[in-house]
Structure formats: structure tokens, C-alpha cells
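The values are calculated or read from the model by the stated rules, or taken from the named source; none is laboratory data. Treat the numbers as computed from the prediction; the structure is a model and nothing was measured. Using ideal geometry, Cβ is built from the backbone for each residue, glycine included, and neighbour counts are taken over all protein chains shown. Note: areas computed on protein heavy atoms with side chains; ligands, DNA, RNA excluded. Shrake-Rupley method; radii C 1.70, N 1.55, O 1.52, S 1.80 Å.
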Amino acid sequence: MSCHASEYEGPFSRVSRVWTLTAPAPFADESSCQCQAPHEKLTIAQARLGTPVDRPVRVYADGIFDLFHSGHARALMQAKTLFPNSYLLVGVCSDDLTHKFKGFTVMNEAERYEALRHCRYVDEVIRDAPWTLTPEFLEKHKIDFVAHDDIPYSSAGSDDVYKHIKEAGMFVPTQRTEGISTSDIITRIVRDYDVYARRNLQRGYTAKELNVSFINEKKYRFQNQVDKMKEKVKNVEERSKEFVNRVEEKSHDLIQKWEEKSREFIGNFLELFGPDGAWKQMFQERSSRMLQALSPKQSPVSSPTRSRSPSRSPSPTFSWLPNKSSPPSSPKAASASISSMSEGDEDEK
């Protein structure tokens, strides 16, 4: 909220909402003017019914806000939406005050101030806020109501630092977010200290910056090397699994293709060499042709005999040829016929 928006809160109440979403919330002590809007005493019932446009309900929420997290943001969201028309001021305690009454913080005060300035529900940030709220402080900032969780907050020698606020009817409770707190986050860091120390050593931080001893530094670096080796082995295993899966997929594809090709080959073979295949028909045709070529047809008996040529002399008759119809009755007869054939030859000579 700018100075002019603080001076004319009513007309700029809607503009201030846009302002908090487009720029960091302003610091109260940097504003050159104080809130001049009418500031009559309001009850919670009146505030919940709705106030005039020029009279937003000024709600105050304070805290340490170390390691700003979603629990902080939800508490501020509740404070901002308690009433239809509200202006949220957030007080942040300084380092000196926090270290005195609560303990050491992780973030310094400048970091905590900046974290609050960039929360969308915050309209104004009050730096170096008091630990206990005084009437003078409430009057200075024209605070109507104080928002905080209802659990008694014992500190600075008091059982509840908000007791007088509650008695004045200016306290409005909010709900805590379970499961998240600054103490929980610090507990996680302490519990997993070795993990975070090793991580920061790996990122380039020195052992001195981390307040780590020489022995622990060597141990952490050795553990980092072991983790790297484990990661490499894990990557190799994953790659080998991927390779095996790919081989299995390809083998399945090859087997499927082989089965398809084998079916096609068997079908073609049966079509060619089966009982009714083309090869059998072709073989039968070729064998019949070969049989016809090897055994030609005989000439008919009634065909006329060729006439002998007159120029040729008649073939001599060989009387010495044995008669086929009367073979020799015995070997002696056969030898006699052979001797007669030889005698006939001698006579011709």
C-alpha cells in the first residue's frame, strides 16, 4: 500500500488489493504519512457485517516467520479474509528481540522482512515489531483486531502475551496448519544432517563453511564417491534391462516373421509337390512324352511291301544257315552241321 493509498484507504481499497499482487507490500516506516481514515471503535460483529468502502477493517498479525512456509501463508490468508473489507498489517520481530525471547533463527531479519513483503495476502509490513503489543502501538497503526492462533503463547514472563488483547475484545483466532512448522523443518535438517552436508560439499561448499571436521569431510566425500558408483551400476543395470527387453521384442518379431514365412513356404511346397500339385501334373506330362518318344507306333501289317530294285541282284540264299524251326537235337548233331557248313565253304572256294 503506497502513501496515498494509506491516506485514502476507502477509495483505493480495491486498488490496494491489485497493488499487493503486482508489487511487494510497502514497509510501514517508509511511508511518509500515517493512516488518516476514520477510526471509530468496531466490534467483531460490525466488522463481519461489512464496513464502508472508506473504512476497511485494519487487521494485525505478527510473528517471527522464520523459514517462511505454507503454514505461515495460510495463517495470513485467514487473517486477510476474516472480514469482507480488510487491510492486513504484518509485524515481524527483529533478530535481537527474537534471539532474546525465542532463540536463534535460520533466516536473518532482512530475509524475513522480504519474505513477508512478497506474500499475496499482506498489505503492509511493520519491521521491528514489539514482542508484546502496547496500546500506543495499536493506536499508532490504527489496529482494529489482532489475528493469531488461539493457543496461549507463553513468553517474556507471561502465560499468554495476547491475554490483554483477548480481554479487550480485539482478538480474532486463526487455525494452525498441521504437519508444517519452522521447528519441523529444522528437525528434518538436523535429522538428515549428513545428507545435506554431503550434498553441499558436492556442490562446492568448503568444510569450513559447513563447520565440518577434516575426518567427516573425507568420510562424506568417500560416501559421495560410493553413491556415484552405485548410481553408475544402477544405470548400467537399467540399460542392460532395456537391452534385454529390446532383444526379446526383436526375437519375438523374428519368430513371428519366421512362422509366417514358414507357413508361406509350406503352403507353396504343398501347392507345388502335393498330391494334386503342379509338379505331379508336369511330371506326368513329361513322362508320357518320354514314353511316346521311346516306343513309337508300329506300322500296319497290311502295308504294301517295297518292290525290289531291278538293278540289284537277288540276295544269295545261305543254305548253310540253320533252320530255326528245327534246332539240333543233340550236341553231336550240332557239330555235324557245323562240319558240313565248313565243307560247303571249301567247295565254294
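Suppose the filter is out of contact with any helix residue (DSSP H, G or I) (no Cβ under 7 Å at 6 or more places or on another chain), outside any helix (DSSP H, G or I), aliphatic (A, V, I, L, M) and modelled with pLDDT of 85 or more; does VAL161 pass it?
Details: out of contact with any helix residue (DSSP H, G or I) (no Cβ under 7 Å at 6 or more places or on another chain): yes; outside any helix (DSSP H, G or I): yes; aliphatic (A, V, I, L, M): yes; modelled with pLDDT of 85 or more: yes.
Yes; evaluated as a whole, the condition is true for this residue.
To keep it simple, each residue is scored yes or no on (1) open to solvent by 50 Å² or more (accessible area, probe 1.4 Å); (2) at pLDDT 60 or above.
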{"site": "GLU9", "(1), (2)": "no, no"}
{"site": "ARG14", "(1), (2)": "yes, no"}
{"site": "THR20", "(1), (2)": "no, no"}
{"site": "PHE27", "(1), (2)": "no, yes"}
{"site": "GLU30", "(1), (2)": "yes, yes"}
{"site": "LYS41", "(1), (2)": "yes, yes"}
{"site": "ARG48", "(1), (2)": "yes, yes"}
{"site": "VAL59", "(1), (2)": "no, yes"}
Inset, instruction - Take the stretch 61-84 and flag every residue that is open to solvent by less than 30 Å² (accessible area, probe 1.4 Å) and over 30 Å from ASN108 (Cβ atoms). - result: PHE83
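Residue by residue, here is whether (1) out of contact with any helix residue (DSSP H, G or I) (no Cβ under 9 Å at 6 or more places or on another chain); (2) surrounded by 10 or more Cβ atoms within 10 Å (Cβ to Cβ); (3) farther than 30 Å from PHE65 by Cβ holds:
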residue: ILE185; (1), (2), (3): yes, yes, no
residue: ASP194; (1), (2), (3): no, yes, no
residue: ALA197; (1), (2), (3): no, yes, no
residue: ARG203; (1), (2), (3): yes, no, no
residue: ILE215; (1), (2), (3): yes, no, yes
residue: ARG221; (1), (2), (3): no, yes, yes
residue: LYS232; (1), (2), (3): yes, yes, yes
residue: SER240; (1), (2), (3): yes, yes, yes
residue: VAL244; (1), (2), (3): yes, yes, yes
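Would you check if there is a residue in the stretch 87-95 being polar (S, T, N, Q), open to solvent by less than 30 Å² (accessible area, probe 1.4 Å) and either over 16 Å from PHE145 (Cα atoms) or under 38 Å from the mean Cα position of the chain (by Cα) (or both)? Give the steps one after another, and end with the answer.
We begin by selecting, within the stretch 87-95, every residue polar (S, T, N, Q); these are 94.
From what is left, the residues that are open to solvent by less than 30 Å² (accessible area, probe 1.4 Å) are 94.
From what's left, either over 16 Å from PHE145 (Cα atoms) or under 38 Å from the mean Cα position of the chain (by Cα) (or both): 94.
Yes, because at least one residue in the stretch 87-95 is polar (S, T, N, Q), open to solvent by less than 30 Å² (accessible area, probe 1.4 Å) and either over 16 Å from PHE145 (Cα atoms) or under 38 Å from the mean Cα position of the chain (by Cα) (or both).
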Inset, instruction - Being open to solvent by 20 Å² or more (accessible area, probe 1.4 Å) and among the polar types (S, T, N, Q) is the filter; apply it to the stretch 146-179 and report the residue that is farthest from THR81 (Cα to Cα). - result: SER158
Inset, instruction - Look at GLY169 and say whether it is more than 32 Å from the chain's Cα centre (by Cα) and either assigned to a strand (DSSP E or B) or not acidic (Asp, Glu) (or both). - result: yes
Inset, instruction - Within the stretch 103-118, identify whether any single residue is outside any helix (DSSP H, G or I) and more than 44 Å from the chain's Cα centre (by Cα), and answer yes or no. - result: no
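Residue under question is VAL106, and the condition is that it be surrounded by fewer than 17 Cβ atoms within 10 Å (Cβ to Cβ) and among the β-branched types (Val, Ile, Thr); does it hold?
Details: surrounded by fewer than 17 Cβ atoms within 10 Å (Cβ to Cβ): yes; among the β-branched types (Val, Ile, Thr): yes.
Against the criterion (surrounded by fewer than 17 Cβ atoms within 10 Å (Cβ to Cβ) and among the β-branched types (Val, Ile, Thr)), VAL106 qualifies.
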